[in-house]
Amino acid sequence: MESYGIEKLGIIGAKTVHRNLTPAQLVEAALRRGEGLLSKSGALVVTTGKYTGRSPKDKFIVDSKGVHDEIAWGDVNRPISQEKFDAIKGKVAAYLQNREVFIFDGYAGADKKYTKKFRIVNELACQNLFIHQLLIRPSAEELESYGEADYTILVAPGFKCDPETDGVNSEAAIMIDYEARLIVICGSAYAGEIKKSVFSTMNYVMTKENVLPMHCSANMDPATGETAVFFGLSGTGKTTLSADPARKLIGDDEHGWSPDGVFNFEGGCYAKCINLSAEHEPDIYNAIRFGALVENVVMNPETRELDFDDDSLTENTRVGYPVDYINNSQIPGVGGIPKVVIFLTADAFGVLPPISRLDRNAAMYHFVTGFTSKLAGTERGVTEPQPTFSTLFGEPFMPMDPSVYAEMLGEKLDKYGTKVYLINTGWAGGSASDGAKRMKLPYTRAMVSATLNGDFDSIEFKHHDVFNVDYPASCPGVPDEMLDARGMWADKAKYDETANKLAKMFSDNFAKKYPNMPRDIVEAGPKAK
């Protein structure tokens, strides 16, 4: 039996080793092993048990001499000793002995100048299907001459850590050893941990090659090649808004901005499914077919129809599929220098303007701040909207100091004259806890189109004194009154109170997390009265 070199990882005597099986073969293996079921549309449907999302408190970086001074250590980037990492890695390798093992050798980075080779070793066929579809798939010729991987990810959900013995926080651990170029994931069956470990790795290595790594989606005009990028945390509309039938999709989540332009780190998409409909998101809806992996969506056991509105397993229902399942995807995922950068936020307080234009300093402020908010009721004890400030719109995946990434963005905005907008895809006319409605998707799409078409170049802007941003008086396809955040509230006094409350949250967060940020960037932020 061919072992494909996994004994180098300490996996001796595996029962069977499969390398780069086709999606059909992986689906067959997953069904044979009882890992999931097929939906009516042909997608493989699995549940991930206890972990239905990322587990940030279980993520660690090996504190080795070579990287110690480069990592922004703290609550996000937690250190683990080399000895503890090696011990757990050894246990995981022993666990995989005498088991069926699935390997995927693929690539991250669609621009050949910056491509990195990743080997993923999986216990589960369904997870190997996932990463096969999410990364860039090698051709037969490329696989033949693949050679050694640059980075290896060892994934064993069935191995449970003993926190007391292993020196971790729970049965799960997601650990990156940047020097050894090895990642170990155990105890969690949530597939997103694999893709985000690739992202965390690229976010470290790309900065050394003059590439700004970005938690964003990107698309381009098929005629002109003009490119736009969309930053945003989960649930803000990154995937939805970049899947525009009129534009080529470069990618939905992870990109690099090099001196030549934007390129996708991945070869697939990982979209949220909650409340998914064919009417509002036809591209994503139609991508849920054979070869796609659906996580934690409730399915009728008889009809095999998926209920996208059912959040009884989790609100974080997901589907992973190759980017070419989107009809107008850009293959390879490479575009030009961005003409427009859009920051997306879902403001559940309902007070931010639906769209704002940001100057360079305001762009730096909001990039570093990375604001969105949680709804009341999504977690126990949450009775009103809760702010989320995630540095660079991707704090859990950025191992280095925020200033490294922020300075790179500022340099690029200066060099290329890229325009920046902040779009609120959240609530309007009141807060979410008051029963207000979320901004209608067609209106948000119209605002995005206006930024891309240059419509705002000749439109009057007004200044919002509290949030210290300029917002347009009009926008093609959007009623004028929908652009005035305060005007949409029936109770103006309550709007003012809520807006000032949120502005103070911005200021307090910024002062606490970024005390050494230049004064001109600090002054570009909200001004609570």
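The values are calculated or read from the model by the stated rules, or taken from the named source; none is laboratory data. Quick caveat: nothing in here was measured; it's all calculated off a predicted structure. Virtual Cβ from ideal backbone geometry, glycine too; neighbours counted across all protein chains shown. Ligands, DNA and RNA are excluded from the accessible area calculation, which covers all protein heavy atoms including side chains. Shrake-Rupley method; radii C 1.70, N 1.55, O 1.52, S 1.80 Å.
For region 211-247, what are the residues that are closer than 16 Å to F343 by Cβ and without any contact (Cβ under 8 Å) to a residue 40 or more places away in the chain?
Of everything in region 211-247, those that are closer than 16 Å to F343 by Cβ and without any contact (Cβ under 8 Å) to a residue 40 or more places away in the chain turn out to be S217, S242.
Any residue at all in region 51-68 that's closer than 27 Å to M202 by Cβ, in contact with a strand residue (DSSP E or B) (Cβ under 6 Å, 6 or more places away or on another chain) and assigned to a loop (DSSP other than H, G, I, E, B)?
Yes: one or more hits.
In region 1-22, what residues are modelled with pLDDT of 95 or more, open to solvent by 30 Å² or more (accessible area, probe 1.4 Å) and hydrophobic (A, V, I, L, M, F, W, C)?
Correct list: L21 only.
Which of (1) open to solvent by 10 Å² or more (accessible area, probe 1.4 Å); (2) farther than 20 Å from M447 by Cα does G267 not meet, given it meets every other one?
(1)
Which count do you get for residues in region 436-467 that are open to solvent by 10 Å² or more (accessible area, probe 1.4 Å), of a type outside the set (A, V, I, L, M) and under 28 Å from the mean Cα position of the chain (by Cα)?
The qualifying residues number 9.
Could you please give the count of residues in region 200-244 that are more than 13 Å from the chain's Cα centre (by Cα), open to solvent by 20 Å² or more (accessible area, probe 1.4 Å) and under 23 Å from N424 (Cβ atoms)?
Adding up the residues that qualify gives 1.
What are the pairs with Cβ atoms under 8 angstrom where one residue, in region 34-61, is more than 17 Å from A287 (Cβ to Cβ) and the other, located anywhere, is surrounded by 22 or more Cβ atoms within 10 Å (Cβ to Cβ) and among the basic types (K, R)? Sequence gap at least six, or different chains.
Once the first residue is more than 17 Å from A287 (Cβ to Cβ) and sits in region 34-61, its partners that are surrounded by 22 or more Cβ atoms within 10 Å (Cβ to Cβ) and among the basic types (K, R) give R54/K196.
Please work out if D309 is modelled with pLDDT of 95 or more and of a type in the set (D, E).
yes
Could you check, for region 75-85, whether at least one of its residues is at pLDDT below 95 and surrounded by fewer than 16 Cβ atoms within 10 Å (Cβ to Cβ)?
Yes, because at least one residue in region 75-85 is at pLDDT below 95 and surrounded by fewer than 16 Cβ atoms within 10 Å (Cβ to Cβ).
Based on what the data block shows, is G34 at pLDDT 95 or above and at positive phi?
For G34, the condition - at pLDDT 95 or above and at positive phi - is met.
Of all residues being part of a loop (DSSP other than H, G, I, E, B) and out of contact with any Asp or Glu (no Cβ under 7 Å at 6 or more places or on another chain) in region 40-50, which is surrounded by the most Cβ atoms within 10 Å (Cβ to Cβ)? Just the residue, please.
Only one residue tops the list, namely A43.
Check off (1) open to solvent by 40 Å² or more (accessible area, probe 1.4 Å); (2) at pLDDT 95 or above; (3) under 30 Å from E144 (Cα atoms); (4) touching a strand residue (DSSP E or B) at 6+ places or on another chain (Cβ under 7 Å) for Q25 and give me the number that stays unchecked.
Going through (1) open to solvent by 40 Å² or more (accessible area, probe 1.4 Å); (2) at pLDDT 95 or above; (3) under 30 Å from E144 (Cα atoms); (4) touching a strand residue (DSSP E or B) at 6+ places or on another chain (Cβ under 7 Å) one by one, Q25 breaks only (4).
Give all pairs with beta carbons closer than 7 Å in which a residue from region 365-380 that is farther than 23 Å from S507 by Cβ and assigned to a loop (DSSP other than H, G, I, E, B) meets a residue that is modelled with pLDDT of 90 or more and open to solvent by 40 Å² or more (accessible area, probe 1.4 Å); count only pairs at least 6 apart in sequence or on separate chains.
As it stands, the answer is T378/E315, since those pairs meet every condition given.
Under the condition of being over 30 Å from I521 (Cβ atoms) and of a type in the set (A, V, I, L, M, F, W, C), which residue from region 430-471 is modelled with the highest pLDDT?
Once the filter is applied, the top-ranked residue is A446.
Looking at T425, T391 in this structure, which one is open to solvent by less than 40 Å² (accessible area, probe 1.4 Å) and touching a strand residue (DSSP E or B) at 6+ places or on another chain (Cβ under 9 Å)?
Of the residues listed, the single one that is open to solvent by less than 40 Å² (accessible area, probe 1.4 Å) and touching a strand residue (DSSP E or B) at 6+ places or on another chain (Cβ under 9 Å) is T425.
In region 180-199, what residues are within 26 Å of I423 (Cβ to Cβ) and either open to solvent by less than 10 Å² (accessible area, probe 1.4 Å) or acidic (D, E) (or both)?
G192, K195, F199
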